[in-house]
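Novice: Please find one structure pasted underneath; my questions will follow.
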């Protein structure tokens with residue numbers, strides 16, 4: 001009996017069958033609990049009906065995969081289409097392989113000898129071998145498939161593949177690598193640990209990692225045979241970011257590839273030079289140099305004496321001096337020897353190293369372009385033009401230099417004692433006007449014998465000239481005006497074979513285009529609307545043309561492989 005709101009006693013009727021059934025479904029009963037206890041041993045066993053239903057699901061999923069395989073393979077990169085079997089036994093199932101490629105039997109046999117180096121798992125679950133996990137029922141699990149025929153794997157293989165996938169996404173923390181390097185007395189393993197302290201304004205740490213790369217790694221294989229690239233479509237794939245191991249703290253202002261080895265130099269306003277070993281997979285960070293009072297605007301690997309183990313790096317910012325970093329000795333030297341030309345060179349922030357490393361050219365004031373010796377840093381020559389210098393460029397054989405002012409007037413001065421045109425040193429070879437005539441921002445030479453010349457403007461137009469068609473009595477006309485960008489051209493780069501011209505503007509996101517030379521047609525299939533370029537601040541081609549490095553305002557350097565090469 002219970003009382004209602006009015007205080008009257010009300011009799012509760014007995015439970016009917018429906019209420020008892022509902023109570024059993026919600027709270028259970030002792031009979032069902034005992035029955036489930038007896039079924040505990042067969043808790044993970046599949047019934048025949050379940051196996052049949054699951055097999056039907058697998059067959060349907062395989063049919064769907066076969067129908068979509070052609071479309072899926074179009075987006076798969078070449079290196080993901082195959083793998084190398086290094087075990088030498090084709091009868092072994094690769095699901096029995098560990099993450100590092102060794103089999104379970106090998107791991108078990110070597111566990112005793114490696115007991116001091118690796119500890120055993122703290123806990124093991126015997127039911128792992130009884131699990132069967134489907135790799136095709138979920139889009140997330142499809143990433144764990146190693147072959148098209150992979151449909152189910154056991155619990156241990158599933159754990160190994162999950163661990164491998166996790167390590168690809170989240171590399172080892174820095175403190176783990178430092179701990180392992182300290183514990184390992186092998187000098188080769190500890191070479192990448194020793195980097196220069198970024199709080200010092202001089203490089204007093206060692207550069208063993210860089211020297212090891214320069215002495216042992218293979219050099220660039222540069223083929224002299226020209227392979228013509230398609231003018232309509234370019235095949236390009238993304239590699240791991242060049243500076244993923246240590247990002248820049250500011251926008252990337254300059255990039256430079258080493259002439260003979262796979263090293264990339266970066267610089268920016270965070271006053272730090274960083275060197276990376278570019279292999280496309282790991283891109284290890286090697287060393288850095290912090291210049292405390294110099295926000296870096298320009299930096300270059302010097303090709304001079306690279307074969308004599310005297311590898312030099314030049315860097316400068318908005319200062320009256322330039323820094324020369326000797327990678328062999330680790331010494332840093334300031335260069336400021338202008339010998340009477342100081343008033344025409346108040347800042348060394350914008351300079352270029354000639355292709356052979358003989359000269360270092362700098363834009364000065366009052367129309368002066370000063371040249372320094374590429375080894376000693378002493379002033380050796382200067383060229384005077386009308387107006388304000390905007391940019392200059394050395395020819396590939398260092399026989400002449402091209403200088404342009406803001407009004408589009410272009411001077412070509414002879415550098416060698418006697419050029420092919422019969423001009424002597426410092427004599428004007430040619431003087432002419434760019435077709436656009438206003439707002440000049442960049443100039444670049446490219447191709448064999450410096451055949452191609454590109455001129456960028458502040459309205460996004462790039463004029464491309466063929467120097468082989470120049471005549472003394474006529475003002476040259478561009479073979480094509482590229483008008484695909486609408487903001488100021490801040491980057492012009494030719495590939496070393498002169499077949500590709502990279503143009504970019506830092507004033508707008510993703511404002512980068514690749515131009516085929518000599519047709520001057522712009523590739524429409526790359527970059528796409530989803531290509532993560534950001535605001536491009538610098539770009540550089542590797543000496544063998546295989547890799548394009550692009551730096552952006554966020555401090556990232558993305559790498560792109562040109563599959564044609």
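Novice: Using Cα-Cα distances under 8 Å and only pairs 6 or more residues apart, what relative contact order does region 208-562 have, in percent?
Specialist: 15
Novice: Determine Rg/Rh for region 506-563; Rg is computed over alpha-carbon atoms and Rh is the Kirkwood hydrodynamic estimate from the same atoms.
Specialist: With Rh from the inverse mean 1/r over Cα pairs, Rg/Rh is 0.96.
Novice: At what distance in nm do the modelled label points of residue 241 and residue 356 sit from each other, each positioned 7 Å from its Cα along Cα→Cβ?
Specialist: 4.0
Novice: Could you sort 514-521, 533-540 so that the peptide with the highest average Cβ count within 10 Å comes first and the rest follow in order?
Specialist: Top of the packing list down: 533-540, 514-521.
Novice: From the square roots a ≥ b ≥ c of the eigenvalues of the alpha-carbon gyration tensor of region 323-431, which class results: rounded (a/c under 1.5), prolate (a/b over b/c), or oblate?
Specialist: Oblate shape, in that a/c is at least 1.5 and b/c is the bigger or equal ratio.
Novice: Now for a separate question. Could you calculate the contour length gain from residue 378 to residue 10, that is, 0.36 nm times the residue separation minus the distance between their Cα atoms, to one decimal place in nm?
Specialist: That pair, residue 378 and residue 10, stretches by 121.4 nm at full extension.
Novice: Right, another one. For labels at residue 164 and residue 521 in the simple 7 Å Cα→Cβ model, what's the distance in nm?
Specialist: 4.2
Novice: Let me ask something else about it. For residue 342 and residue 433 in the same chain, what is the full-extension length gain: residue separation times 0.36 nm, less their Cα-Cα distance, in nm?
Specialist: 29.8 nm
Novice: Show me the ranking of peptides 264-275, 7-18 by mean Cβ neighbours inside 10 Å, starting with the highest.
Specialist: Top of the packing list down: 264-275, 7-18.
Novice: Something else about it: Using 0.36 nm per residue, how much length does the chain from residue 406 to residue 3 gain when fully extended, once their Cα-Cα distance is taken away?
Specialist: 135.2 nm
Novice: While we're here: Would region 293-363 count as rounded, prolate or oblate if I go by the C-alpha gyration tensor, calling it rounded below 1.5 in a/c and otherwise prolate when a/b exceeds b/c, oblate otherwise?
Specialist: Here region 293-363 falls in the prolate category.
Every number here is computed from the coordinates shown, using simple stated rules; none is lab data. All figures in this text were calculated on a predicted structure; none of them were measured in a lab. Reconstructed Cβ throughout: ideal geometry from the backbone, glycine too, with neighbour counts over all protein chains shown.
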